[in-house]
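**Student:** What follows is a structure written as structure tokens; I'll ask about it next.
The values are calculated or read from the model by the stated rules, or taken from the named source; none is laboratory data. Please read these numbers as outputs of a predicted model, since none were measured by experiment. Virtual Cβ from ideal backbone geometry, glycine too; neighbours counted across all protein chains shown.
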Amino acid sequence: MADQLLNNVVQSLLFAFIGVVVFAITFFVIVKVMPFSVRKEIEEDQNTALGIMLGCVFLGLSIIIAAAIH
């Protein structure tokens, strides 16, 4: 029983780590591909559309990661 619990905890931590790494890589790629500064557009220019677009990308990515884990 304790071995299964430990196994489940380790798997959960591993999948969480992989998910965070994938999110970081995705954000890095988005920042490099965009022809403008993403930080400036969201923070200074209050570009709501860009914020919504990034949120949708991350939401879609999280659904894909959850499906792959399940």
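**Student:** Just to be sure I understand, how many residues within segment 28-38 are outside any loop (DSSP other than H, G, I, E, B) and either touching a helix residue (DSSP H, G or I) at 6+ places or on another chain (Cβ under 8 Å) or at pLDDT below 90 (or both)?
**Tutor:** Of the residues in segment 28-38, 3 are outside any loop (DSSP other than H, G, I, E, B) and either touching a helix residue (DSSP H, G or I) at 6+ places or on another chain (Cβ under 8 Å) or at pLDDT below 90 (or both).
**Student:** Consider only pairs whose beta carbons are under 8 Å apart and that are at least six residues apart or on different chains; among these, list those whose first residue lies in segment 41-70 and is in contact (Cβ under 8 Å) with a residue 24 or more places away in the chain and in a helix (DSSP H, G or I) and whose second residue is surrounded by 12 or more Cβ atoms within 10 Å (Cβ to Cβ) and hydroxyl-bearing (Ser, Thr, Tyr).
**Tutor:** Close Cβ pairs (under 8 Å, with a partner that is surrounded by 12 or more Cβ atoms within 10 Å (Cβ to Cβ) and hydroxyl-bearing (Ser, Thr, Tyr)) amount to VAL57/THR26; PHE58/THR26; LEU61/THR26.
**Student:** For segment 58-70, check the following and say yes or no: at least one residue is more than 24 Å from SER12 (Cβ to Cβ) and exposed (fewer than 11 other Cβ atoms within 10 Å of the Cβ).
**Tutor:** no
**Student:** Criterion first (small (Gly, Ala, Ser), modelled with pLDDT of 90 or more and surrounded by 11 or more Cβ atoms within 10 Å (Cβ to Cβ)) does GLY19 satisfy it?
**Tutor:** Working: small (Gly, Ala, Ser): yes; modelled with pLDDT of 90 or more: no; surrounded by 11 or more Cβ atoms within 10 Å (Cβ to Cβ): yes.
In short, no.
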